[in-house]
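Structure record follows, encoded as structure tokens.
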């Protein structure tokens with residue numbers, strides 16, 4: 001075996017190794033270009049030795065190159081650089097409805113409270129001492145109106161006027177010093 005054959009095979013495998021190094025070292029394709037150049041130089045050196053050596057290297061590289069590209073695109077998404085390029089699908093816990101705030105709102109369905117602002121149709125209502133932004137179903141409601149949460153959809157709380165009173169009869173939205181005494185006392 002002549003020295004040219006050894007050099008040709010060395011350049012061919014050096015080219016493949018440089019292409020695989022592109023997976024690890026993000027050089028922007030410089031190592032890939034150097035690997036392709038080394039493979040082409042190996043084939044040229046093979047033809048300088050004998051045409052059969054050159055054609056053997058051409059067939060070998062034409063068989064190994066697609067395998068190398070397949071391995072590149074199969075392995076690359078699992079490398080640190082490849083993970084930056086490809087989006088990962090969201091997990092089952094990454095949906096809007098799985099957020100803790102939305103799950104806490106869904107527990108309000110069926111509970112009663114009272115409005116703390118005008119609902120025209122949106123405003124605020126108080127449920128168990130917590131003020132919640134809500135939307136009335138259809139009609140405008142004044143402050144202090146008893147409401148029941150009928151559904152939570154897309155982070156919006158929908159309420160409906162109810163006859164049951166959730167707590168004390170007086171509305172906390174009206175301070176005591178602003179209440180009017182109609183009896184004149």
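Relative to the longest principal axis of the Cα atoms of the chain, helix 51-75 runs at roughly 10 degrees. Neighbour counts of C-beta atoms inside 10 Å place 47, 10, 85 in the sequence 85, 10, 47, starting with the fewest. Applying 0.36 nm per residue to the separation of residue 104 and residue 122 and subtracting their alpha-carbon distance, the gain on full extension is 4.5 nm. The convex hull of the Cα atoms of the chain, projected and averaged over all directions, covers 18.5 nm².
For the chain, the relative contact order works out to 13 percent when only alpha carbon pairs closer than 8 Å and six or more residues apart are counted.
Maximal additional length on extending the residue 95-residue 62 stretch stands at 7.3 nm, based on 0.36 nm per residue less the C-alpha distance.
Across the stretch 42-118, the relative contact order, built from alpha-carbon pairs under 8 Å that are at least six residues apart, equals 12 percent.
Enter the angle in degrees (range 0 to 90, nearest 10) between the Cα long axis of helix 3-24 and the first principal axis of the Cα atoms of the chain, meaning the one along which they spread out most. With rounding to tens, the tilt is 0 degrees. For 83, 148, the sequence from fewest to most other C-beta atoms within 10 Å is 83, 148. Rounded to the nearest 10 degrees, the angle from helix 30-49 to the longest Cα principal axis of the chain is 20 degrees.
Taken together, the values in this text are just the output of simple stated rules run on the coordinates, not laboratory data. As the structure is a prediction and not an experimental result, all values here were calculated from the model. All Cβ positions, glycine included, derive from the backbone under ideal geometry; neighbour counts span all protein chains shown.
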